[in-house]
Amino acid sequence: MIIFWLSLCFISILVELFTHNLVSIWIALGAIFASISTFFTSNHYIQILVFSSLSLLTLLIIKPIIEKYIGKKCELKEIEKTKEFKID
C-alpha cells in the first residue's frame, strides 16, 4: 500500500505543478502521512482515515495562510510594475 500512497503523492505534485490551485499539494501531504502510517498499521481503513483527515486539516489550516502571503506578494509586484511604467 505504500507504493499507492507514494504514487498518489507524486501524481498530486505533478498536477499541482501544472495547475497552481493549491489543492493538489494538500492531497500530496495527506498521501505522505498515509505512507508513513503504513509502517505502523496495515489496516487500509486507518490509512484512508489518516490520508483524508490530514489532507483536509492541512487544506483548512495552511491554505488561508499561504493565500494571504501570496496575495500580498502579488499585490506588491503589481504596484512595482505600475511604478516602473509611470513616466510624467
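Each value in this text was obtained by applying a stated rule to the coordinates, not by laboratory testing. Here the structure is a predicted model, which is why all the values come from computation and not from measurement. Positions of Cβ are generated from backbone atoms using ideal geometry, with glycine treated the same way; all protein chains shown enter the neighbour counts.
How would you order 60-66, 42-48 from highest to lowest mean count of nearby Cβ atoms within 10 Å?
Values: 60-66: 11.1, 42-48: 13.3.
The densest-packed peptide leads the list: 42-48, 60-66.
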Per-residue HN-Hα couplings for segment 50-59, Karplus 6.51 cos²θ - 1.76 cosθ + 1.60 at θ = phi - 60°, whole Hz, x for Gly and Pro?
4, 4, 5, 5, 6, 5, 5, 4, 5, 5
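Normalising by the residue count of segment 18-68, find the relative contact order in percent from Cα pairs under 8 Å and 6+ residues apart.
On the way: 32 pairs, mean separation 22.0, N = 51.
It comes to 43 percent, rounded to a whole number.
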Computed ³J(HN,Hα) along segment 32-40: with the Karplus parameters 6.51/-1.76/1.60, θ = phi - 60°, integer Hz and x for glycine or proline, the list is 5, 5, 5, 5, 5, 5, 5, 6, 9
